[in-house]
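For reference, the structure is listed below as C-alpha cells.
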Amino acid sequence: MQLQLMTTITTKGQVTIPEAVRRALDASIGDKVAFVRVEKDRKEATIRVISTSVVDQLAGSLKTPIHYMPQAKVRKILARERAKRYT
C-alpha cells in the first residue's frame, strides 16, 4: 500500500501520525513506535508499530542482579560514604 500523506514537525520535534496511516498499521492509543531503519543519506525512516500488549508481555522479562533501591536510601548511603572520606 502506498500512502502519500504529509505532516509537520512541531517545535518539540513531534509529529502526528495521520489517521489513514494509523488505520493502515492498525495502531492504537498507547502503542509504541520504533524506528527500525533510518537512512540518513536518503532522509528516510522506517517505523514499526509495537502494540501495547506485546510491550506488556515483555515487561519484567529481563532480569538484573541490581536491585531497586529508593533514591532517598541511595542518597543516605552516599552521604555516609562521603562523610567517611572527608572526616
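Every number here is computed from the coordinates shown, using simple stated rules; none is lab data. This one's a predicted model, so the numbers in the text were calculated from it and none came from an experiment. Cβ atoms come from the backbone with ideal geometry, glycine included; neighbour counts cover every protein chain shown.
Tabulated values for the structure
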quantity: Cα-centre dipole for the chain with unit charges at Cβ (Lys and Arg positive, Asp and Glu negative), debye to 20; calculated: 900
quantity: Amide proton proximity set for ILE50, modelled H, under 5 Å, gap of 5+; calculated: LYS32, VAL33, ALA34
quantity: Translational diffusion of the chain, µm² s⁻¹ [Kirkwood Rh, Cα pairs; Stokes-Einstein; 4 °C; 1.567 mPa s]; calculated: 73
quantity: Helix 71-86 vs. the chain, principal-axis angle (Cα, 0 to 90°, nearest 10); calculated: 40
quantity: Relative contact order computed over the range 19-86 (Cα-Cα under 8 Å; 6+ residues apart), in percent; calculated: 22
quantity: Signed unit charges on C-beta, dipole axis of the range 19-86, positive-most listed residue ILE77, ILE66, VAL36; calculated: ILE77
